[in-house]
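Contents: one structure, followed by commentary.
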Amino acid sequence: MKTATNLDVYYEAVSASDKLAPIQEMIRACMQCGTCTGSCPNAFAMDYTPRQLWRLVLLGQKDEIFRSKTFSLCSDCYLCTLRCPRGLHLTEAMDALKQIAAGENRAEYKYSILFNKNFMQSVRRHGRVKEMEFMTNYFTAVKNPLVPFRFASLGIKLIAKGKVSVSWLPKARFPLEKIFQKVNELETPP
Amino acid sequence: MRYLYYPGCSLEGTAIEYNLSTRCIMHMAGVELVEIDDWTCCGASAAEATSDLLSLALPARNLAIAEKMEDVDEILVPCSACYLNLKKVEEKTRGDQRMMNTLNTILAEENLRLQGRAVVRHLLDVIANDLGAQKILSLVKHSLRGLIIAPYYGCQCLRPYTVFDDPEVPQSMEPIIEATGAKAHHWDMGATCCGASHMNTRMDVGIELVAHILEGAKGADAIVTVCPMCQMNLEAHQRKISHWRHAELDITILYLPQLLGLAFGISEEELGLNLNLSASDAFLEKIQKAA
Ligand code: SF4
Ligand code: SF4
């Protein structure tokens, strides 16, 4: 039994470092200057700063990285990417971490995962995102009665302005199905 | 002048007024917009957080259709998020045959092929550089003298690809605003982040970012934006933010082409001003009285 457990741990470590490997490659040249942290508009709300996060990535500390909220607080403003003296593609590295979290369905990242998933489902069904359908599905999936509540007044305003329609939704015709499937095929390791 | 036109999903929903006003002012300026046939979503920020390849394949489909359409290569895009997604494909396939081949393998499923001819242009770039302040000035019928307008650029039309303006200290909107007779509000919040989708997933953080921007606009009559996400974030939660900051932070938020349209003498209905969530009566009165 003991051996199996050790092996499990070992395999998990290997696959963890596998997933981080491309990101480590992207930021290998980080010299820990802190320009990214100083530039990030969301640093005030993060537990680890971006600079610290890059260090954790290089150290392969996967558990710590995904326990942290840092990458999920990146709002894709590209300031760190613009300013990093090493010219590292930091916003893309943040996105790569988001992709891993989404792929693993990480609980800490739940709202963002549900948001993105419901958005992409609407795109897949209609080719264009139907904002009302997507927000309704998002709120339903979130299952936190407080989340839609925060949006109630905005929702009512938008409906009153006729910007989102509650009654009418086109039938799904999945116009992008072939593209979604091909991407899936190319991304699934043989 | 002719451009292919990619409106994007928001411009059919929550940002209809951006679509209406863009079409209006372009028409007035003698610019023809040819909408891309059967365009589909660019993936927004959701595809990028899901799959790298999907985030390139979705915009690539639109570029490939555009390349098939006309002998025009330039695609005008008003939404900054769509602009960046489409631009990313243009930039990442340039000189990268492997990337181009991968995308074409996917597009072949729909009998499409990307050649790399399409040039993606942001609406602000086209207004500032192809039309220019002189052209704007020549179209002004109703000067906005006496108004102070804060130019808000946001992030994704400026960064990471530096195409038409300084990515940290942008200035391209100022001559345009001044051509209408209004004064540009001088502030340093024009290129800061509105929080993007934080308003949906982490409202506490989103509100903090927007509060700084609204505070920075004190003294201006309105803020103009060039992105549906920025517009929504700045206009939709003002009461909550004011309450929370114990300050009066309400301010009119307009899309840049709406402001230009007002100066061109286009009616408020045609510009969709009744659809804005934050166009105050006081502001609209001031516009009437301007000049
Ligand atoms: S700015 Fe670049 S080099 Fe400096 S700490 Fe951040 S990632 Fe590292
Ligand atoms: S791109 Fe993300 S991590 Fe970088 S500065 Fe902007 S919000 Fe922070």
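Can you spot a residue in the range A:99-106 that is more than 10 Å from chain B (Cβ to nearest Cβ), closer than 29 Å to A:Thr35 by Cα and not polar (S, T, N, Q)? Give the derivation first.
Step one: of the range A:99-106, the residues more than 10 Å from chain B (Cβ to nearest Cβ) are A:100, A:104-106.
Applying the additional criterion that residues be closer than 29 Å to A:Thr35 by Cα yields A:100, A:106.
Then keep just the ones that are not polar (S, T, N, Q); that gives A:100, A:106.
Within the range A:99-106, one or more residues are more than 10 Å from chain B (Cβ to nearest Cβ), closer than 29 Å to A:Thr35 by Cα and not polar (S, T, N, Q).
Take A:Cys36 and tell me if it is within 14 Å of another protein chain (Cβ to nearest Cβ) and within 11 Å of ligand 1 (Cβ to nearest atom).
yes
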Output the qualifying pairs, or none if there are none: Cβ atoms under 8 angstrom, residues six or more apart or on different chains, first residue in the range A:75-95 and closer than 20 Å to A:Phe44 by Cα, second residue more than 6 Å from ligand 2 (Cβ to nearest atom) and among the basic types (Lys, Arg). A:Cys77/B:Arg159; A:Tyr78/B:Arg159; A:Leu79/B:Arg159; A:Thr81/B:Arg159; A:Leu82/B:Arg159
Reported set for the range B:143-157 where residues are of a type outside the set (Gly, Ala, Ser) and buried (at least 17 other Cβ atoms within 10 Å of the Cβ) is B:Leu144, B:Leu147, B:Ile149, B:Pro151, B:Tyr152, B:Tyr153, B:Cys155, B:Gln156, B:Cys157
Selection status of A:Lys19, away from ligand 1 (no atom under 13 Å from the Cβ) and within 11 Å of another protein chain (Cβ to nearest Cβ): no
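Can you tell me which residue in the range A:112-127 is farthest from ligand 2 (Cβ to nearest atom), limited to those that are in contact (Cβ under 8 Å) with a residue 24 or more places away in the chain and at the interface with chain B (Cβ under 7 Å from one of its Cβ atoms)? Give the steps one after another, and end with the answer.
Initially, the range A:112-127 is screened for residues in contact (Cβ under 8 Å) with a residue 24 or more places away in the chain, giving A:112, A:114, A:117, A:123-127.
Cutting the leftovers down to at the interface with chain B (Cβ under 7 Å from one of its Cβ atoms) gives us A:112, A:123, A:127.
Working: A:Ser112: 13, A:Val123: 23, A:Gly127: 29 Å.
Selected residue: A:Gly127.
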So which residues in the range B:190-247 are β-branched (Val, Ile, Thr) and part of a helix (DSSP H, G or I), if there are any at all? B:Thr201, B:Val205, B:Ile207, B:Val210, B:Ile213, B:Ile241
So A:Thr81 passes all but one of these: (1) away from ligand 1 (no atom under 16 Å from the Cβ); (2) polar (S, T, N, Q); (3) more than 16 Å from the chain's Cα centre (by Cα); (4) buried (at least 18 other Cβ atoms within 10 Å of the Cβ). Which condition number does it fail? (1)
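Residues are listed down the side, and each one gets a yes or a no for (1) out of contact with any Ser or Thr (no Cβ under 9 Å at 6 or more places or on another chain); (2) away from chain A (no Cβ under 11 Å):
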position: B:Ala15; (1), (2): yes, no
position: B:Arg23; (1), (2): yes, yes
position: B:Cys41; (1), (2): no, no
position: B:Val77; (1), (2): yes, yes
Counting only residues that are of a type in the set (A, V, I, L, M), surrounded by 19 or more Cβ atoms within 10 Å (Cβ to Cβ) and under 15 Å from B:Leu114 (Cβ atoms), how many does the range B:54-79 have? 9
Do you know which residues across the range B:212-229 are crowded, with 20+ Cβ neighbours inside 10 Å and within 13 Å of chain A (Cβ to nearest Cβ)? B:Ile213, B:Cys227, B:Pro228, B:Met229
The range A:31-111: helices (runs of 4 or more DSSP H) wholly inside it with 2 or more residues that are within 15 Å of ligand 2 (Cβ to nearest atom) and at pLDDT 95 or above are A:35-39, A:50-59, A:79-83, A:90-103
Within the range A:84-116, work out how many residues are within 16 Å of ligand 1 (Cβ to nearest atom) and not β-branched (Val, Ile, Thr). 13
Counting only residues that are more than 7 Å from chain A (Cβ to nearest Cβ) and over 18 Å from B:Pro170 (Cβ atoms), the range B:190-201 contains a total of 1
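Sort through A:Arg67, A:Arg28 and tell me the only one that's within 14 Å of ligand 1 (Cβ to nearest atom) and of a type in the set (D, E, K, R).
Working: A:Arg67 fails: within 14 Å of ligand 1 (Cβ to nearest atom).
From the options A:Arg67, A:Arg28, the qualifying one is A:Arg28.
So, B:Ser267, is that one assigned to a loop (DSSP other than H, G, I, E, B), more than 18 Å from the chain's Cα centre (by Cα) and hydroxyl-bearing (Ser, Thr, Tyr) or not? Don't jump to the end; show me each part of the working.
On the way: assigned to a loop (DSSP other than H, G, I, E, B): yes; more than 18 Å from the chain's Cα centre (by Cα): yes; hydroxyl-bearing (Ser, Thr, Tyr): yes.
It is true that B:Ser267 is assigned to a loop (DSSP other than H, G, I, E, B), more than 18 Å from the chain's Cα centre (by Cα) and hydroxyl-bearing (Ser, Thr, Tyr).
The values are calculated or read from the model by the stated rules, or taken from the named source; none is laboratory data. Because the structure is predicted, anything quoted here is derived from the model rather than measured. So basically every Cβ, Gly included, is an ideal-geometry build from the backbone, and we count neighbours across all protein chains shown.
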